Amino acid sequence: MAIAQKTAIITGASAGIGAGLVEAFLKKGYNVVATSLNVTQSLTASPNLVLVDGDIGKQETAAKAVEAAIKHFGTIDALVNNAGILRTKPFTDFTTEDFNALVSTNLLGFFYITQLTVKQMLKKKSGKRREYHRSSCGSAHRRCKCFGFDDDQGRTEYGDPEPRNRVRKRRCPLQRRSPWCCGHAIA
């Protein structure tokens, strides 16, 4: 097992941005677990790339991806939730099946893979890297802390880089902020 290398799980990895992310992480020296409905048809496994076919909206697929990362590489250091679907028809034309597909992939898929990954990160004390984050507020600076695992003690932190008990006041009543954001105004 190559524990010295960092390991990333990438969902929605079979094409487009996901396939590009897989390539970029591999070039940076990461081990990668790539998952998508038919990822084995579009990518080729290698010693640093493990492929997991399946619907990320099903808990079994998320469990397979996390188990593959631990089995093959010993740790998980990064998770990229890239899987998602978009229905371009008007809302009034949505069927129950359309809605269930959206919720399954875009919400449950995110929930299942993130929950299992964070459990493993806490267990293995991994994933504490400081990275540049692109948050919902549009900021892209170091130590944004809009997302979890940016804490030196291995705690998950969300939101404001200020002390957790401090309430941030708005500078202007029209200036909107995301409640999970680092405090940057949303354009």
For region 80-91, which residues satisfy the criterion of being of a type in the set (S, T, N, Q) and either closer than 17 Å to Ala8 by Cβ or at pLDDT 95 or above (or both)? Asn81, Asn82
Would you please list the contacts, defined by Cβ atoms under 9 Å and residues six or more apart or on different chains, that run from a residue in region 74-91 that is over 23 Å from Phe25 (Cβ atoms) to a residue that is among the acidic types (Asp, Glu) and surrounded by 13 or more Cβ atoms within 10 Å (Cβ to Cβ)? Arg87/Asp98; Lys89/Asp98
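Select from region 80-103 the residues that are in contact with a Phe, Trp or Tyr (Cβ under 9 Å, 6 or more places away or on another chain), of a type in the set (A, V, I, L, M, F, W, C) and within 30 Å of Asn48 (Cβ to Cβ) and list them in ascending order. Lay out the reasoning, then the answer.
Taking region 80-103 first, the residues in contact with a Phe, Trp or Tyr (Cβ under 9 Å, 6 or more places away or on another chain) are 80-81, 83-84, 87, 102.
Next, from what is left, pick out any that are of a type in the set (A, V, I, L, M, F, W, C): 80, 83, 102.
Val80, Ala83 - these are the residues of region 80-103 that are in contact with a Phe, Trp or Tyr (Cβ under 9 Å, 6 or more places away or on another chain), of a type in the set (A, V, I, L, M, F, W, C) and within 30 Å of Asn48 (Cβ to Cβ).
The values are calculated or read from the model by the stated rules, or taken from the named source; none is laboratory data. All figures in this text were calculated on a predicted structure; none of them were measured in a lab. Because the Cβ atoms are built from the backbone with ideal geometry, glycine has one as well, and the counts that use them run over all protein chains shown.
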